[in-house]
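Worksheet for the structure shown next.
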Amino acid sequence: MTATDMTATDVTGAGATGATADAGDTSRTTDARMLTEAVTRLRRALRVSIRTDYPWEQLPMAQVELLQVLAERSPARVSDLAARRHLAASTVSGLIGQMTTAGLVARTTDPDDRRASAVTLTDRGRAQLDAWTEAHERRLDAALATLDEDERAAVRTALPALFRLAERLGDVAD
């Protein structure tokens, strides 16, 4: 079954999530459930296809997210990165340690507080993030090209609402 063949029944049926529901039972078929299934399938398919097409791509998503934050605002303190990603400072510190070893980021003294350190994105980190972004865009472009114009238009139309939804989910986490 292709993604375009999927219906609400497919999402609630045993084949998609392991839940058991009658084909006529739409009470459990919610927008949230369908969106969860769609996002899960998209992330999994993209991750698998990227690693198949680009075997060099092994950057963990947590590191990608930190690189993305640093690309927007660098330098940044570990505590600021942790707050922006809703992670424990110790978790971010460990990730930054790994990324420093890999040459993706550098730790320097915070110019505003010499007792603290700041993390900056290195040229190598920016290049890795750019390669990651370009690989994902190429893969998505290829997949989007397989959709008909109405399906591509539906995806484009949904994008602003999906961005607002992501913002609202971030607001809830704050």
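The values are calculated or read from the model by the stated rules, or taken from the named source; none is laboratory data. The structure presented is a predicted model; accordingly, all values stated were derived computationally and were not measured. Neighbour counts are summed over all protein chains in view; Cβ atoms, including those assigned to glycine, are modelled from backbone coordinates with ideal geometry. Calculation scope for accessible area: heavy atoms of the full protein, side chains included, ligands and nucleic acids excluded. Shrake-Rupley method; radii C 1.70, N 1.55, O 1.52, S 1.80 Å.
Return a yes/no flag: does segment 148-166 have any residue that is under 20 Å from Gln68 (Cβ atoms) and modelled with pLDDT under 90.
yes
Within segment 90-108, is even one residue of a type in the set (Gly, Ala, Ser), touching a helix residue (DSSP H, G or I) at 6+ places or on another chain (Cβ under 9 Å) and open to solvent by 50 Å² or more (accessible area, probe 1.4 Å)?
Within segment 90-108 (the criterion being of a type in the set (Gly, Ala, Ser), touching a helix residue (DSSP H, G or I) at 6+ places or on another chain (Cβ under 9 Å) and open to solvent by 50 Å² or more (accessible area, probe 1.4 Å)), the answer is yes, since at least one residue qualifies.
Can you name the residue in segment 141-156 that is assigned to a helix (DSSP H, G or I) and hydrophobic (A, V, I, L, M, F, W, C) and is also surrounded by the fewest Cβ atoms within 10 Å (Cβ to Cβ) among such residues?
Step by step, filter segment 141-156, then rank; the result is Ala145.
I'd like the full set of residues that are more than 13 Å from Ser79 (Cβ to Cβ) and either within 22 Å of the chain's Cα centre (by Cα) or open to solvent by less than 30 Å² (accessible area, probe 1.4 Å) (or both), limited to segment 109-122.
Within segment 109-122, Thr120, Leu121, Thr122 qualify.
Please indicate, with yes or no, whether at least one residue in segment 75-87 is over 25 Å from Ala166 (Cα atoms), touching a helix residue (DSSP H, G or I) at 6+ places or on another chain (Cβ under 7 Å) and modelled with pLDDT of 90 or more.
No, segment 75-87 contains no residue that is over 25 Å from Ala166 (Cα atoms), touching a helix residue (DSSP H, G or I) at 6+ places or on another chain (Cβ under 7 Å) and modelled with pLDDT of 90 or more.
Quick one: would you say Arg138 is exposed (fewer than 12 other Cβ atoms within 10 Å of the Cβ) and on the phi < 0 side of the Ramachandran plot?
no
May I ask you to list the residues in segment 69-82 that are open to solvent by less than 70 Å² (accessible area, probe 1.4 Å) and outside any loop (DSSP other than H, G, I, E, B)?
Hits for segment 69-82 are Val69, Leu70, Ala71, Ala76, Val78, Ser79, Leu81, Ala82.
If you take the residues in segment 23-68 that are exposed (fewer than 11 other Cβ atoms within 10 Å of the Cβ), more than 15 Å from the chain's Cα centre (by Cα) and not aliphatic (A, V, I, L, M), which one is modelled with the highest pLDDT?
Asp31
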